[in-house]
Amino acid sequence: MPDPSPQPALPAPDDIEAWVAAQKAREALAAARSQPVLDRLQPSVSEMNLSGVSVLDVRPRGWKDNGKVMAALFALINLHRFHQGKDKK
């Protein structure tokens, strides 16, 4: 019976070149899927590096600094929660 998954097989764990290629392919797919939203909303998107961590600074079109800050740290929060759970074991 054929594999029902529409996804290609993952590279071997030690095949770094294949993983790099797979990551580039996923990023290209995500960029293509995101483009219609970016075209419609026209946000300001800047790449930044905070203490060695690559981040995106995304601001709505026409945003003006009013002194307030909102940070979306989804990955950082989830990573923190993951490590808290490991420490309790």
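We did not get these values from a lab; they are worked out from the coordinates using the rules stated. Values in this document were obtained by computation on a predicted structure and should not be read as measured data. Here the Cβ positions follow ideal geometry from the backbone for every residue, glycine too, while neighbour counts run over all protein chains shown.
Compute the distance in nm between two label points, each set 7 Å from the Cα along the Cα-to-Cβ direction, one at Lys68 and one at Leu56.
Computed distance between label sites Lys68 and Leu56 equals 2.4 nm.
Spelling out what I want: for every residue of the stretch 14-20, take phi, set θ = phi - 60°, compute 6.51 cos²θ - 1.76 cosθ + 1.60 (Karplus), and round to whole Hz; glycine and proline get x.
9, 8, 4, 4, 5, 5, 4
Short version: ³J(HN,Hα) in whole Hz for each residue of the stretch 63-68, in order, from phi by Karplus 6.51 cos²θ - 1.76 cosθ + 1.60 (θ = phi - 60°), x for Gly and Pro, what are they?
Values per residue, Gly and Pro as x: 4, 10, 5, 10, x, 9 Hz.
Net charge within 11 Å of Gln42 by Cβ-Cβ distance, Lys/Arg positive one each and Asp/Glu negative one each, not counting Gln42 itself?
+2
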